[in-house]
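Scroll down for the structure; my scribbles are underneath it.
The values are calculated or read from the model by the stated rules, or taken from the named source; none is laboratory data. As the structure is a prediction and not an experimental result, all values here were calculated from the model. With ideal geometry, Cβ positions are generated from the backbone for all residues, glycine too; neighbour counts draw on all protein chains shown. Surface areas here come from the heavy atoms of the whole protein model, side chains and all, with no ligands, DNA or RNA. Shrake-Rupley method; radii C 1.70, N 1.55, O 1.52, S 1.80 Å.
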Amino acid sequence: MSKMSLKLADDVPEKLFTEATKQWQEKYAEIKKMSGNENPYALHREMAEEMISNVLIVRENSKLKATLEKIDEFEERWKNINCVDTTDWSNPVPSFINQLWNMIQLSKIITKGALLRDEFRGSHYKPEFDLNQPSDFRPESYLEYEKQKDAGKVNEEGFNPEHLTYMKRFAENNVKWLKSTIATYQNGGPDISYEAVDTSLIAPRPRKYD
Amino acid sequence: MPDTITFKIKRQDSENTKPYWETFVIPHVPNSNVISCLMDIQANPENSKGEKVAPVVWDCNCLEEVCGSCTMVINRKVRQSCSALVDQLEKPITLEPMSKFPVIRDLAVDRSRMFGALKKVQAWVTADGYHDLGPGNREPQSHQEIAYKLSECMTCGCCLEACPQYSLNNNFLGAAAISQTRLFNMHPTAKNIADERLDTLMQEGGIADCGNAQNCVEACPKSIPLTESIAEIGRQVSGKLWSNIFQAK
Ligand code: SF4
Ligand code: SF4
Ligand code: FES
């Protein structure tokens with residue numbers, strides 16, 4: 001076994017801490033100087049309303065696209081914020097402004113990730129990409145279907161034909177979309193890529209929404 | 001005339017500066033609560049004289065009356081601001097910080113003394129060590145109902161704000177800590193240090209400082225039976241006093 005190198009805070013060069021302190025002090029000093037005419041809390045509220053109306057459970061690509069443009073506008077407007085409290089004692093405003101910037105970045109990630117995903121799963125619903133699950137479909141029958149597929153031969157007669165075509169649609173959709181969305185910060189915005197999901201412990205199956 | 005609500009807020013810029021009152025008039029939004037109104041003020045921090053001022057500072061977290069951090073004095077009554085519905089309050093609405101804790105700024109107070117009191121009475125389950133201690137003792141069914149009620153304490157401070165014996169200048173541990181002592185002294189594992197907790201409550205600032213005014217139980221938003229807890233701990237303390245006397249012989 002290789003010797004574990006135990007690194008303590010004391011071993012880290014002091015410079016790291018002083019530079020980090022300096023970086024944040026400068027950042028907060030910059031924020032405190034912000035003297036535009038947007039109230040950070042009002043801007044936050046406006047963005048929240050936009051996100052709640054368009055990027056909640058039911059999602060439509062056209063609205064996601066429009067929201068993405070809206071978020072870019074919020075980002076521009078953020079630069080015109082007024083730091084409505086510049087005092088030094090227990091002042092929550094500068095850190096709120098800093099957080100709001102991060103919320104804008106996170107909103108972009110959520111909205112872009114949702115837009116690029118031409119399907120839905122989990123708690124979301126995109127009516128445009130509904131796979132039309134038959135109402136009497138039972139998710140366990142998909143596990144049986146997958147089992148037969150793995151064994152090399154699906155006994156197609158054994159399934160309700162409507163269910164069978166649905167399961168094929170579901171399987172096909174998973175080939176493309178059973179992936180985690182990865183966002184990387186590139187050139188001032190999120191770059192979206194995908195990563196396989198580990199399904200070795202629980203086999204994926206359709207979800208029932210009723 | 002537009003439908004508005006007037007708030008009179010007792011503000012304080014820092015720990016050592018003088019408090020002052022400031023009035024805000026905001027549009028009335030049906031179903032709003034005191035926190036959503038404070039957020040309206042944040043979004044447009046202008047007092048009734050039309051002056052731009054710093055937004056009011058307050059604390060909040062859960063917004064569902066379980067964390068206790070938003071406690072303040074609303075229309076002279078101590079309560080949680082997140083569950084104070086504006087339509088049910090008399091107008092104008094007055095907001096003040098609690099008076100039994102040091103003000104940090106505006107409506108935000110420092111409740112550390114309450115958490116300190118919980119440390120003093122060791123309000124936790126004592127299961128120490130990194131080795132596997134096996135399953136804990138079972139909580140008897142007969143305890144569950146009362147233990148559940150006592151465990152709902154959110155260290156909000158209402159009971160202390162209302163208590164005539166609790167002040168900024170003394171060291172009374174207060175009803176909440178006494179009630180938590182009762183909870184942990186009945187817990188099948190935590191009771192192993194019941195005596196140590198009672199020792200703490202026999203010292204200065206302990207149970208003898210309670211004057212039995214019973215304001216605490218009236219003020220508790222979680223309806224915790226604080227006077228019963230005080231009586232029960234009183235019994236435990238007297239029991240211990242007697243056994244101390246006999247042991248000394
Ligand atoms: S009974 Fe009275 S004195 Fe005792 S803790 Fe409650 S309010 Fe305070
Ligand atoms: S006993 Fe009641 S009033 Fe006192 S801190 Fe706990 S929840 Fe608040
Ligand atoms: S915010 Fe937690 S009790 Fe009000």
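Tell me which residues, restricted to region B:168-194, are open to solvent by 40 Å² or more (accessible area, probe 1.4 Å) and in contact (Cβ under 8 Å) with a residue 40 or more places away in the chain. Scanning region B:168-194 gives B:L168, B:H187, B:N192. Of all residues in region B:217-231, those that are more than 10 Å from ligand 2 (Cβ to nearest atom) have Cβ atoms under 6 Å from Cβ atoms of residues that are open to solvent by 40 Å² or more (accessible area, probe 1.4 Å), 6 or more apart or on another chain, in B:T227/B:Q214; B:T227/B:V217.
Scanning region B:67-109 for residues that are open to solvent by 40 Å² or more (accessible area, probe 1.4 Å) and free of Cβ contacts under 8 Å to residues at least 40 places away in the same chain gives B:N75, B:R76, B:K77, B:Q88, B:E90. Cβ separations smaller than 6 Å between residues 6+ apart or across chains give the following pairs from region B:50-66 residues that are assigned by TED's automatic domain parsing to the domain that holds B:R79 to residues that are of a type in the set (S, T, Y) and assigned to a loop (DSSP other than H, G, I, E, B): B:D59/B:S69; B:C60/B:S69; B:N61/B:S69; B:E65/B:S83.
Under the condition of being open to solvent by less than 60 Å² (accessible area, probe 1.4 Å) and under 13 Å from the mean Cα position of the chain (by Cα), which residue from region A:190-210 is nearest to A:L143 (Cα to Cα)? Out of the qualifying residues, it is A:S193. Considering A:E19, A:E30, A:E26, A:E76, the condition of being of a type outside the set (V, I, T) and under 27 Å from the mean Cα position of the chain (by Cα) is satisfied by A:E76 alone.
Within region A:74-86, which residues are at the interface with another protein chain (Cβ under 7 Å from one of its Cβ atoms) and either open to solvent by less than 30 Å² (accessible area, probe 1.4 Å) or within 10 Å of B:V57 (Cβ to Cβ) (or both)? Selection gives A:D85 alone. Of the residues A:E38, A:E30, A:E26, A:E14, the single one that is under 30 Å from A:A66 (Cβ atoms) and either surrounded by 10 or more Cβ atoms within 10 Å (Cβ to Cβ) or without any contact (Cβ under 8 Å) to a residue 40 or more places away in the chain (or both) is A:E38. The test for being open to solvent by 40 Å² or more (accessible area, probe 1.4 Å), touching a Cys at 6+ places or on another chain (Cβ under 9 Å), within 15 Å of ligand 1 (Cβ to nearest atom) and away from every other protein chain (no Cβ under 14 Å) does not hold for B:A219.
Within region B:8-23, one or more residues are part of a strand (DSSP E or B), closer than 23 Å to B:Q88 by Cα and open to solvent by less than 30 Å² (accessible area, probe 1.4 Å). Against the definition (modelled with pLDDT of 95 or more, assigned to a loop (DSSP other than H, G, I, E, B) and in the same structural domain as B:R79 (by TED's automatic domain parsing)), how does B:S36 come out, yes or no? In short, no. Only one entry in B:M114, B:M98, B:M72 is within 15 Å of ligand 3 (Cβ to nearest atom), more than 14 Å from every other protein chain (Cβ to nearest Cβ) and either over 24 Å from B:Q42 (Cβ atoms) or part of a helix (DSSP H, G or I) (or both), namely B:M114.
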